Amino acid sequence: MPEMVVARGARAIQNRLLRDLAVLLPSGEALARGLERPVRIVVPSRSLRDHLGGAIVRHMDRAVAGIEIHTLHGLARDVLERTGQRAPVGEELLPILVSRSARLEMELREGLEPLREGYAALTGTITDLLDAGFDTAHAAALDDALSEFDSRREGSARGGRSIARMRALVRVAARTTREFARLGLGRASTRLQLAREAIERDAERALPARAVLVHGFADATGEASALIEALCRHRDATVYIDHPPDPANPLQADFGVRFTQRLRERLLGTAKLSEDAHPEPARPSIESLRAGEGQSEVRAVADRVRRLPDGPEPPRPEEIGIVARTLGPYALALRLHLERLAIPFSSPTAQAPRSPVCRRVDALLDLLRRREATPADRWLEARADLTSERRCDLRVAFHALGAARLGDVAQLVPGRDLDPHRDRPLPVYRGLGLRGSASSQSVDNARQASAMPRIVSFRALDAAIQAAGRLCQRFAARPSSAPLAQHLTGICELMREDLAFPLSVLAGAVRKLEHALPSEFPLTPDEFLSVWEGALATELPEALGGAGAGVQVLDAMAARGRTFSHLFVLGMNRDVFPRVVLEDPFLPDAVRRVLLPVLPDLALKETGFAEERYLFAQLLSASPRVTL
């Protein structure tokens, strides 16, 4: 029978899961049969999946077989593969299809068209609607709900225009959904929906399992929570929900547990609710640390981490956690100070500071975005065929010639702007040199010393001017719209012929787009640049630290459900943690509540306040020793 187990705190809920798992694991002769029907554990993140695998082995004190740990999307992919269905692709096109559809709506076009990438602001709102299970069948009901809401309000021209924009948003969502269906594409939520339908049709074939345990979820979008509900109905899943205690009053649950209300209410009609009766872990020891600024804060934490192995009970490095609400502002300082103190560390989600290759790719993207208006410096930075010395000389030469942009460089004419018979001196100097005979012993030699200017050859300048001209011609010849395959061919030719850029660096991004999008789908240059940037953003960045071992450096979302022996929480500052929670300007919560009867899973932005409380209380319950 499906069950929903509630426990108080991250350590308590993990302990309950491990106890239940020990009972479910097959042993002896049943082990071989159990491998065909494993115990499946479903978690929200790769970070928790990796942590839980280690925790199971340590708890059992031996190697363990017969368990599979999936993320929810990984489970969906497995279900689709087992049932012979193709996982939907094409999510990268969502911002493009939203922008195209929004341009057809006058109420949206008049405000967003003048803005650079103005239509991109709509993508989050449309995503919320689609994740809530929006379908074209909902469009008429949502439009009626908005009309009724407008009629109940005291009329004003401004209010009428805002409702008109919201109705336009519903039409955009419907048009985008139809376009996805016409192209045979889908999103991540589509994958979850197909997996749910496969489980509802034939659960034994779609998901053979000895037992299904769902761990680490506090809330979920519409299709995600629908899949969890299907696991309860058709696979008798047990769902573990953490209700951490209030850090200020451990005898009662924290106010943030309201964040789990939507998921609990959805599952109550399916699963039996029970509370873990096992004694709760001891209250954590909480210390506070103050520092003048971020570098000092990180260094103080690193010093404390470095001293932990010298204590009476030295922890494993992987049991030590350094957590921030978002790691971006701390990434450089963390790498600097942890490496200085020889502390091994890994971060499964944070990106390392930009490498030289990534900075060159950034210059390439800037070149594709601004084309002839690209600063000459950025164009030279994107070229891989120049030495650092030659790049520096050309940069100074073009600035001296008044050619600040790529188009200006291409318009330079030898004979008019440059003397083809002599090299060009630069307004920078190598050092001091002596005029006249080097053997002169005159006391006036000091007055004969002069600064020697750097020289750049006419041949190098002329070659750069010609290269700039070819690149501008390539930009001018680009069609206003072309299939994806043609864009990929063009970008590869540009990198190879105009920038001498090694194609191996970007081969992963090219393969990803070829697999994810229809090769004949027409895109404008700006639309292609949008999907190209997205592919590079997931393929190029390097992880911060190692590949999983060492001190765990996490953001608060990656730390959900994990436990530690020592935990350090960075950035407990106003507007950092808790973060600033903002309403959606296109679909505010007052209107979202009106739409809930039609789309019950539509997220309210105000739940962000409860989420911040929940994340903080859960972190404090995740370790017996916490430093804030």
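Structural remarks
- Residues listed by number, region 356-371, amide nitrogen under 13 Å from residue 388 label point at 7 Å toward C-beta: 356-357
- Close amide H partners of residue 4, meaning residues 5 or more places away or on another chain with modelled amide H under 5 Å apart, are 239, 272, 273, 274.
- Nearest-10 value in Å² for the accessible area of residue 346, using the 1.4 Å probe: 0 Å²
- Each peptide in 201-208, 56-63, 545-552 was scored by the mean count of other Cβ atoms within 10 Å over its residues; highest first, the order is 545-552, 201-208, 56-63.
- Per atom type, the chain shows carbon and sulfur on 51% of its accessible surface, probed at 1.4 Å.
- FRET efficiency for residue 280 and residue 63, using Cβ-Cβ distance with R0 set to 35 Å, rounded to 0.05: 0.70
- Tilt relative to the chain, helix 72-82 - C-alpha long axis, 0 to 90 degrees, to 10: 80 degrees
- Note that region 1-125 carries a Kirkwood radius of 18.8 Å, evaluated over its alpha carbons pair by pair.
- Per-residue ³J(HN,Hα) for region 178-187, Karplus 6.51 cos²θ - 1.76 cosθ + 1.60, θ = phi - 60°, Hz, x for Gly and Pro: 5, 5, 4, 5, 4, 7, x, 9, x, 10
- Between the listed residues 126, 111, 67, the Cα displaced farthest toward the positive end of the dipole of region 18-145, a dipole computed from Cβ unit charges relative to the Cα centre, is found at 67.
- Cα centroids of region 535-586 and region 33-90: 23 Å apart.
- Among 409, 193, 609 the positive-end extreme of the charge dipole of the chain (Cβ point charges): 409
- Within-13-Å neighbourhood charge of residue 43 [Cβ basis; K, R +1; D, E -1]: +2
- On the basis of the beta-carbon distance and an R0 of 22 Å, residue 511 and residue 183 show a calculated FRET efficiency of 0.65.
- Degrees separating the helix 46-60 axis from the principal Cα axis of the chain, which is the longest one: 50 degrees
- Taking amide H as placed 1.01 Å from N in the peptide plane, the amide H of residue 568 sits under 5 Å from that of 321, 322, 323, 627, each at least 5 places away or on another chain.
- Per residue, in Å², the accessible surface of the chain once ligands and nucleic acids are set aside, probe 1.4 Å: 48 Å²
- Simple Cβ-charge dipole of the chain, Lys/Arg +1 and Asp/Glu -1, about Cα centre, in debye nearest 20: 1060 debye
- Pairwise centroid distance, computed over Cα atoms, of region 328-390 with region 497-515, Å: 17 Å
- Highest average packing first - 216-224, 177-185, Cβ atoms within 10 Å: 216-224, 177-185
- Cα long-axis angle, helix 607-620 against the chain (0 to 90 degrees, to the nearest 10): 80 degrees
- Calculated from the structure at hand, Cα extents along the principal axes in Å is found among [x] 98, 67, 57; [y] 107, 59, 44; [z] 73, 64, 48 as [x].
- Full-extension gain in nm, residue 135 to residue 605, via 0.36 nm per residue minus C-alpha separation: 167.1 nm
- Accessible surface, 1.4 Å probe, highest first, among residues 455, 163: 455, 163
- Theoretical gain in end-to-end length, residue 293 to residue 37 [0.36 nm per residue, Cα-Cα removed]: 86.9 nm
- When the helices of the chain are scored as -39500 (n - 2.57) per DSSP H run of n ≥ 4 and the total is divided over every residue, the value at 222 nm lands at -14500 deg cm²/dmol.
- Residues with amide H under 5 Å from that of residue 418, placed H, sequence gap 5 or more: 413
- Label-to-label distance, nm, for residues given as residue 313 and residue 455 (7 Å Cα→Cβ offset): 7.4 nm
- Other residues with beta-carbon under 15 Å from the beta-carbon of residue 53 carry, at +1 per Lys or Arg and -1 per Asp or Glu, a net charge of +2.
- In a fully extended conformation the segment linking residue 477 and residue 103 would gain 132.1 nm over its present Cα-Cα distance, using 0.36 nm per residue.
The values are calculated or read from the model by the stated rules, or taken from the named source; none is laboratory data. Fair warning: this is a prediction, and the values are worked out from it, not measured in the lab. A quick note on method: Cβ atoms are made from the backbone with ideal geometry, for glycine too, and the neighbour counts reach across all protein chains shown. Just the protein is used for accessible areas: all its heavy atoms, side chains included, with ligands, DNA and RNA removed. Shrake-Rupley method; radii C 1.70, N 1.55, O 1.52, S 1.80 Å.
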